[in-house]
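This report concerns only the one structure given below.
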Amino acid sequence: MVIKENLIKLFEEWSDEKIIHVSELPQHGSYRQYFRLHSKTKNVIGVYNADIKENDAFLDFSDKFFFLGLKVPQVYIVNESKEFYILEDLGDVTLFQYITEERKKNGFSDEIVAVYQKVLRELPKFQVLAANKINYGKCYPRDKFDKQSMMWDLNYFKYYFLKLAKVPFDEQLLEEDFQAFSEYLLKTNCDYFLYRDFQSRNIMLKDDKVYFIDYQGGRKGALQYDVASLLYDAKAVIPQEIRNELLEYYINSLSKLTEVKKDEFKSFYYGYVIIRILQAMGAYGFRGFYEKREHFLQSIPYALENLSWIIENIQLGIDIPHLWQVLKGLTESEELKKYSLNKNIKNNLLVSINSFSYRRGIPADETGNGGGFVFDCRSLNNPGRLDKYKNLTGKDQKVIDFFKDDSMMETFNNNVFEMVKTSVEKYMERGFTHLMINFGCTGGQHRSVYCAEKLFAKLKSTYNIQVAIVHTEREFDNLI
């Protein structure tokens, strides 16, 4: 409550308007807290983060990037302690969400490739144009991706992934290869801006443009790291031939801003792919094995598939025999397959989502499990009261648009997801096979259908599970 009150005070100081509504946004991989704030004429994002040094980096970088015309959120106001700040609202659609939905309908389509090309045209602007404008003294926790930074990442992988996943290795031999590997990677030019977490969840799509967030970990480093982060982003699952095409596209875009020796660039590129994958696997291990947040483990099989392709197809310019042996062992590990190719989770857990009318009653649970959730949508604004919506459903665009700016609906759906995700993650962890979720309203046509569809899309984009949706009202079966 204190956090919300501080953000409201800061917002009203900046806007000179009264807050109408505040809704908390879901947290993902960070400990920062985000809120969407609405007044009569303004919609913004409020942020709370107790880590002042991290905030300093983000705010200083944001000023520089915005001044250079790069596509980042504008910072409107920061409080005196720098724990709270107000940002431009870039909406809800990340690149990851977009490609997940588009791939369901059309596979890895030309439209997805075109969006990646937009991103790759922008990336060199951060790396090259901003490189000499950044105050690297603001970087956190380190001003360059140097040997110390690399060793932190490699040891993060060792202690939070290899050890927790019970993967055998020789400590001394692995340490020697880590030392040699990091020294090798530093032989390329490392005087560019390195975004650090350049992946699909940190890229926003709005008004047919791409925007970039979460660059507070940026520092000086090599060009190869960020493009490796993007193209080998585990759950984005980019086909390898398209990865190759996009790498060529990036190099061509980069060459317009700085000289690129293509063969030399590529000779180091796959080394940076590997260290980025290992850093990500350390994060999956910390969040999944250590913090018991099961859905982080779902990225492991994708990372292993990427490693497997590299092992089979790439010859690095350095001999790191024990690390190579460990990586090969990871791709063949039965223990990791048991943990989480998560085919077991995907095949075993089915979330059934239903919309219904209270006039007919709550749908019966035919599995015999009982339990689950029933959400009453009757308190929400009802478009069915208006003649122009009466023959439509919650799947029709006009009804979707009706709810789009409805802060009460947004809060309701955010709260639903926060409640449901706890059960989903626990059910996956314990091997349960079915969870039923019902949304009811008066006619089972508008509000309940809309909410069911929103939860369906959110669960499909967040977890590697089976999700089924049924709209039970016979009166409009033919409309959906």
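The values are calculated or read from the model by the stated rules, or taken from the named source; none is laboratory data. This one's a predicted model, so the numbers in the text were calculated from it and none came from an experiment. Virtual Cβ from ideal backbone geometry, glycine too; neighbours counted across all protein chains shown.
Give region 336-352 a look and list any residue that's modelled with pLDDT of 85 or more and touching a Leu at 6+ places or on another chain (Cβ under 6 Å), or say none. Result: VAL351, single match.
Applying the condition of being at pLDDT 95 or above and not in a helix (DSSP H, G or I) to region 318-335 and asking which residue is surrounded by the most Cβ atoms within 10 Å (Cβ to Cβ) yields ILE320. Consider ARG360 carefully, then state whether it is at pLDDT 90 or above, outside any helix (DSSP H, G or I) and surrounded by fewer than 17 Cβ atoms within 10 Å (Cβ to Cβ). No. Counting only helices (runs of 4 or more DSSP H) that sit completely within region 1-107, those holding 2 or more residues that are in contact with a helix residue (DSSP H, G or I) (Cβ under 9 Å, 6 or more places away or on another chain) correspond to 52-67, 95-106. Highlighted here are the helices (runs of 4 or more DSSP H) found entirely within region 376-480 that include at least 1 residues which are over 28 Å from the mean Cα position of the chain (by Cα) and either without any contact (Cβ under 8 Å) to a residue 40 or more places away in the chain or closer than 21 Å to PHE35 by Cα (or both): 397-404. Of the residues GLU111, GLU122, GLU102, the single one that is modelled with pLDDT of 95 or more and over 27 Å from PHE268 (Cα atoms) is GLU111. Listed by position, the helices (runs of 4 or more DSSP H) inside region 206-301 whose residues that are surrounded by fewer than 19 Cβ atoms within 10 Å (Cβ to Cβ) number at least 2 are 240-254, 262-284. Only one entry of GLU24, GLU12, GLU5 meets the criterion of being under 30 Å from PRO141 (Cα atoms) and out of contact with any strand residue (DSSP E or B) (no Cβ under 9 Å at 6 or more places or on another chain), and that entry is GLU5. How about region 79-102: which of its residues are free of Cβ contacts under 8 Å to residues at least 24 places away in the same chain and surrounded by 15 or more Cβ atoms within 10 Å (Cβ to Cβ)? GLU102 - this is the single residue of region 79-102 that is free of Cβ contacts under 8 Å to residues at least 24 places away in the same chain and surrounded by 15 or more Cβ atoms within 10 Å (Cβ to Cβ).
Scanning region 381-429 for residues that are under 30 Å from PHE289 (Cβ atoms) and among the aromatic types (Phe, Trp, Tyr) yields PHE417, TYR427.
Look at (1) in contact with a strand residue (DSSP E or B) (Cβ under 8 Å, 6 or more places away or on another chain); (2) free of Cβ contacts under 8 Å to residues at least 60 places away in the same chain and you find that GLY221 fails only one, number (2). Among the conditions (1) aliphatic (A, V, I, L, M); (2) under 14 Å from ILE353 (Cα atoms); (3) crowded, with 17+ Cβ neighbours inside 10 Å, MET428 misses just one, which is (2).
Consider ILE310 carefully, then state whether it is touching a residue at least 40 places away in the same chain (Cβ under 8 Å), assigned to a helix (DSSP H, G or I) and farther than 20 Å from ILE465 by Cα. Yes.
Taking the criterion of being touching a strand residue (DSSP E or B) at 6+ places or on another chain (Cβ under 8 Å) and of a type in the set (Lys, Arg), the only residue of region 94-137 that qualifies is LYS118. Taking the numbered list (1) surrounded by 19 or more Cβ atoms within 10 Å (Cβ to Cβ); (2) assigned to a helix (DSSP H, G or I); (3) not assigned by TED's automatic domain parsing to the domain that holds TYR250; (4) not small (Gly, Ala, Ser) in turn, PHE126 passes all entries but (3).
When residues in region 129-173 are screened for being assigned to a helix (DSSP H, G or I) and of a type outside the set (Gly, Ala, Ser), 21 of them pass. Among the residues of region 171-205, the ones that are under 20 Å from LEU129 (Cβ atoms), surrounded by 17 or more Cβ atoms within 10 Å (Cβ to Cβ) and touching a Lys or Arg at 6+ places or on another chain (Cβ under 8 Å) come to 5 in all.
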